[in-house]
């Protein structure tokens with residue numbers, strides 16, 4: 001199939017029609033000679049990718065950060081897995097369930113760059129990170145370091161261990177527009193004392209999209225004898241990296257975000273030497289403390305979601321991690337570069353391309369974030385989420401690979417129009 005014929009067939013797909021797996025493969029093959037940077041601005045290419053998604057026409061979805069729903073080819077596989085498990089019932093659950101989960105773990109471990117023995121499938125980032133926060137053998141007076149921009153569920157867990165075990169929480173604030181990596185590293189370093197046992201840091205801050213220098217922070221913390229826990233909810237399958245290269249002790253992420261796995265799947269990486277030091281969230285019969293499976297007992301759960309992880313990885317790798325990251329960076333810079341020039345607009349995401357990817361946060365002077373989100377939805381049919389706290393006052397904007405420049409033009413025009421409100 002030549003390029004013209006393919007694009008013609010893709011354009012003929014009605015809203016919600018699935019882009020067949022082989023058609024996506026043909027699309028990638030046709031453009032295999034082009035760099036990811038070149039393709040990032042090619043609207044015909046991404047319109048063809050968009051054809052593989054069923055999109056709700058009622059609004060422009062710029063809130064993919066909560067949950068990146070599946071393209072049709074992954075969704076169809078998910079439905080097939082639901083039917084297959086339902087057909088086999090308890091036979092499936094008592095026989096091949098465990099081998100299939102092991103296969104999914106191995107595939108995830110290859111993507112993360114770690115050993116399968118260091119990774120488990122959880123239900124989400126909150127479960128992953130709370131397993132570590134609640135699982136350390138805390139003593140009264142022990143200290144933990146975190147930022148007020150961290151996700152609320154983990155901050156709540158730190159508050160719980162403070163009440164339960166007498167842990168002292170040291171909370172810093174990460175600036176929206178840091179001058180350098182060293183400024184951020186020093187903020188965390190200044191909170192560490194001889195009593196500090198754990199430092200939690202976001203790989204990508206969920207409310208602004210700012211990418212933090214995790215490896216530098218981890219190396220600094222380790223030099224002071226402090227373990228490092230990384231919240232990678234928004235980084236995994238969004239930007240390219242390997243977990244061991246971050247030099248962290250623990251890493252948690254949600255797979256239903258940027259990997260587009262169905263709801264209810266996450267990962268927890270624990271460096272092999274640290275596994276034995278964590279109490280499981282729920283009791284497990286495994287008696288060998290070095291086995292990460294000790295931390296993975298959750299009882300009966302929706303195993304068809306686990307099966308779909310492999311399909312989501314296939315889609316991600318076929319589309320290409322480099323292509324996806326380049327497109328998301330392009331989309332974010334496309335709209336932020338235009339609104340940064342508007343005097344009534346406040347952009348809460350760093351301008352430096354090294355400090356962000358697809359996520360941005362924007363506010364309007366004189367308009368509360370909640371009101372802004374309502375205006376965008378009711379007047380302009382644009383779906384976002386309001387963020388109002390931790391030094392960030394605006395709406396988080398998270399496009400995905402199916403987002404068009406025309407949709408972002410509508411968003412930019414809305415922000416310009418709101419100057420008159």
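The values are calculated or read from the model by the stated rules, or taken from the named source; none is laboratory data. Predicted, not measured: the structure shown is a model, and the values here were computed from it. No Cβ is skipped: glycine too gets one built from the backbone with ideal geometry, and neighbour counts run over all protein chains shown.
Some observations on this one:
- Of the set (1) at negative phi; (2) surrounded by fewer than 21 Cβ atoms within 10 Å (Cβ to Cβ); (3) in contact with a helix residue (DSSP H, G or I) (Cβ under 8 Å, 6 or more places away or on another chain); (4) at pLDDT 95 or above, all apply to residue 266 but (2).
- You will find that of 34, 83, 110, the residue that is in a helix (DSSP H, G or I), under 27 Å from residue 328 (Cβ atoms), out of contact with any helix residue (DSSP H, G or I) (no Cβ under 7 Å at 6 or more places or on another chain) and modelled with pLDDT of 95 or more is 110 and no other.
- So residue 292, is it within 17 Å of residue 236 (Cα to Cα) and at pLDDT 95 or above: no
- From 252, 209, 225, residue being crowded, with 24+ Cβ neighbours inside 10 Å, in a loop (DSSP other than H, G, I, E, B) and assigned by TED's automatic domain parsing to the domain that holds residue 152: 209
- Some residue of the range 301-314 being in a loop (DSSP other than H, G, I, E, B), touching a residue at least 24 places away in the same chain (Cβ under 8 Å), in the same structural domain as residue 256 (by TED's automatic domain parsing) and on the phi < 0 side of the Ramachandran plot: yes
- Selected residue (criterion: farthest from residue 204 (Cα to Cα)) from residues of the range 63-80 that are in a loop (DSSP other than H, G, I, E, B) and out of contact with any strand residue (DSSP E or B) (no Cβ under 8 Å at 6 or more places or on another chain): 71
- Residue 341 being in contact (Cβ under 8 Å) with a residue 12 or more places away in the chain, outside the structural domain of residue 210 (by TED's automatic domain parsing) and over 30 Å from residue 317 (Cα atoms): no
- Members of the range 265-283 found to be in contact with a strand residue (DSSP E or B) (Cβ under 6 Å, 6 or more places away or on another chain) and under 14 Å from residue 248 (Cβ atoms), listed by number: 267, 268, 269, 270
- Restricting the range 2-31 to residues that are part of a loop (DSSP other than H, G, I, E, B) and either surrounded by 14 or more Cβ atoms within 10 Å (Cβ to Cβ) or within 24 Å of the chain's Cα centre (by Cα) (or both), the residue that is modelled with the lowest pLDDT: 13
- Residues located in the range 136-149, provided they are surrounded by 13 or more Cβ atoms within 10 Å (Cβ to Cβ), under 21 Å from residue 281 (Cα atoms) and out of contact with any strand residue (DSSP E or B) (no Cβ under 6 Å at 6 or more places or on another chain): 136, 138
- Matching residues, the range 87-99, being free of Cβ contacts under 8 Å to residues at least 12 places away in the same chain, closer than 24 Å to residue 120 by Cα and in a helix (DSSP H, G or I): 90, 91, 94, 98, 99
- The residues of the range 172-202 that are in contact with a helix residue (DSSP H, G or I) (Cβ under 9 Å, 6 or more places away or on another chain) and assigned to a strand (DSSP E or B), listed by number, are 172, 196, 198, 199, 200, 201, 202.
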